[in-house]
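Before any comments, here is the structure.
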Amino acid sequence: VQLQASGGGLVQAGGSLQLSCKASGMILSTFITSRLGWYRQAPGKQRDLVAELTSGGFSNYQDSVKGRFTISKNNAKRTVYLQMNSLEPDDAAIYYCNIESGSRNYWGQGTLVTVSS
């Protein structure tokens, strides 16, 4: 299984980006029953959870992104998305997708989000 993240880039404050993460080689049933997450890591800081989507369909968000970010998925495409609106300079970071399936934990390679003020 490989996770390929994309969609990062440079955006002005107040703008939007949509990140995508495709899980190649993952069977459908595993994708459906996995916990999906997006994390971010800014320079000199730890990697923090931004948003997660549980196998039961519940979404949870870091307080700082609530109301601005939305996590979603397309099972048929084995892809998880992070829609980011009203971006702020503090949102700048490398964003990583993560899939947890039982004892297995998969990470994408990271995609860079830069927000100019």
Computed P(r) (all Cα pairs; the stretch 1-94; 5 Å bins; percent)
3, 13, 24, 25, 19, 10, 5, 1
Simple SL model, points at 7 angstrom along Cα→Cβ for Asp48 and Glu88; separation in nm is 1.0 nm
Estimated FRET transfer efficiency (Thr33, Ser117; beta-carbon r; R0 30 Å; 0.05):
0.15
Once phi is turned into θ = phi - 60°, what whole-Hz ³J(HN,Hα) does the Karplus curve with 6.51, -1.76 and 1.60 give for every residue of the stretch 81-88, x standing for Gly and Pro?
10, 9, 8, 10, 10, 6, 5, 10
Share antiparallel - DSSP beta bridges, the chain, percent rounded to 5:
90 percent
When only C-alpha pairs under 8 Å and at least 6 residues apart count, what is the relative contact order of the chain, in percent?
37 percent
Distance from the stretch 1-46 to the stretch 65-90 (C-alpha centre basis), Å
8 Å
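Ignoring trypsin sites (Lys or Arg not before Pro) that are buried or in helix or strand per DSSP, and keeping those with at most 14 other beta carbon atoms within 10 Å, what is the longest stretch of the chain between them?
1-44
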Put Trp38, Trp107 in order of accessible area, largest first, 1.4 Å probe: what do you get?
Trp107, Trp38
Per residue, how much accessible area does the stretch 6-117 have with a 1.4 Å probe, in Å²?
51 Å²
Excluding ligands, DNA and RNA, the carbon-plus-sulfur percentage of the accessible area of the chain with a 1.4 Å probe reads 48 percent
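The values are calculated or read from the model by the stated rules, or taken from the named source; none is laboratory data. Since we're looking at a predicted model, the values are computed, not measured. Neighbour counts are summed over all protein chains in view; Cβ atoms, including those assigned to glycine, are modelled from backbone coordinates with ideal geometry. What goes into the accessible areas is simple: the full protein's heavy atoms, side chains included, and nothing from ligands, DNA or RNA. Shrake-Rupley method; radii C 1.70, N 1.55, O 1.52, S 1.80 Å.
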